[in-house]
Ligand SMILES: C[S@@+](CC[C@H](N)C(=O)[O-])C[C@H]1O[C@@H](n2cnc3c(N)ncnc32)[C@H](O)[C@@H]1O
């Protein structure tokens, strides 16, 4: 598992994750779709349920098994492939009509090389749509609690998910797609808010839903937890007061064609 971010569990009927509806729209109507870094298959299964023949690729056999189970629960079949996006992809040229990738590209050793491989495996004029987290300043839901951990417990305890926000400027994300030889490249920001009663509830949710924060939270003493929550509260003050906070989350969506 790489240093990437997002909770990975949930029932097949769950709401689509942030950014997935836009990726579905971007490749709507295409027949054969590759979902790069498919994880536990939330987007992958949604693509299949929309009618595509979908291949999901991931390095994690555990995640692929979760995707297989999710597909079964969703009544669809997926072709699931264990492979590394940092290697040449194990597909012939033009094997797919479109490719998607959600919250993965920022973890590639050489994102342009990975995108060149995606370009190779889709047909001429085929669509490619990717989503990654925008820069940290646009994602205080994540960056404020992580900074709070660093302030209270030291930088080492906050040294997780270092790829979060990488390529997170739309112009930079677009440029790396162009550098891979893709055309009609468009990058846009997708925004939503996460709401909570207060910083304590925001922290609680992160610790429940996000593996990185869960691992830190599980190792805290009560005094450390109180200190971290107090620090989170200070850092989230700009987003509301006790009773209700609304904290922004932002993705960069890039759509392009071969
Ligand atoms: C944040 S998760 C996103 C999963 C899925 N795309 C989603 O939206 O729910 C990142 C995924 O990328 C996969 N991944 C990380 N590095 C990879 C690599 N080098 N090649 C293929 N998959 C990789 C991880 O195993 C993980 O499943």
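Observations on the structure shown:
- The stretch 65-76 residues that are closer than 8 Å to residue 40 by Cβ, paired with ones that are surrounded by 13 or more Cβ atoms within 10 Å (Cβ to Cβ) and at pLDDT below 95 (beta carbon under 8 Å, 6 or more apart): 66/8; 70/12
- In the stretch 38-53, the residues that are at positive phi form Cβ pairs under 7 Å with partners that are near the ligand (Cβ under 8 Å from one of its atoms), at six or more places apart or across chains, as follows: 39/8; 39/58; 39/63.
- Output for the stretch 152-192, where each listed residue is over 17 Å from the mean Cα position of the chain (by Cα) and part of a strand (DSSP E or B): 183, 184, 185, 186
- The one condition in (1) more than 19 Å from residue 23 (Cα to Cα); (2) more than 11 Å from the ligand (Cβ to nearest atom); (3) surrounded by 16 or more Cβ atoms within 10 Å (Cβ to Cβ) that residue 99 fails to fulfil: (1)
- For the stretch 8-28, the tally of residues that are modelled with pLDDT of 95 or more and more than 8 Å from the ligand (Cβ to nearest atom) stands at 9.
Conditions tested, residue by residue: (1) farther than 18 Å from residue 26 by Cβ; (2) crowded, with 20+ Cβ neighbours inside 10 Å.
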position: 46; (1), (2): no, yes
position: 49; (1), (2): no, no
position: 67; (1), (2): yes, yes
position: 88; (1), (2): yes, no
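- Evaluated against (1) more than 11 Å from the ligand (Cβ to nearest atom); (2) more than 18 Å from residue 122 (Cβ to Cβ); (3) modelled with pLDDT of 95 or more, residue 33 falls short on exactly one condition, (2).
- Options 109, 50, 83: the member that is over 17 Å from the mean Cα position of the chain (by Cα) and within 14 Å of the ligand (Cβ to nearest atom): 83
- Single match in 80, 118 (criterion: under 17 Å from residue 255 (Cβ atoms) and touching a strand residue (DSSP E or B) at 6+ places or on another chain (Cβ under 7 Å)): 118
- Test result for residue 102, farther than 15 Å from residue 35 by Cα, touching a strand residue (DSSP E or B) at 6+ places or on another chain (Cβ under 9 Å) and in contact (Cβ under 8 Å) with a residue 40 or more places away in the chain: no
The values are calculated or read from the model by the stated rules, or taken from the named source; none is laboratory data. Bear in mind that the values here come from a model prediction, so they are computed numbers and not experimental data. Counting neighbours? That spans all protein chains shown, and the Cβs are built from the backbone with ideal geometry, glycine included.
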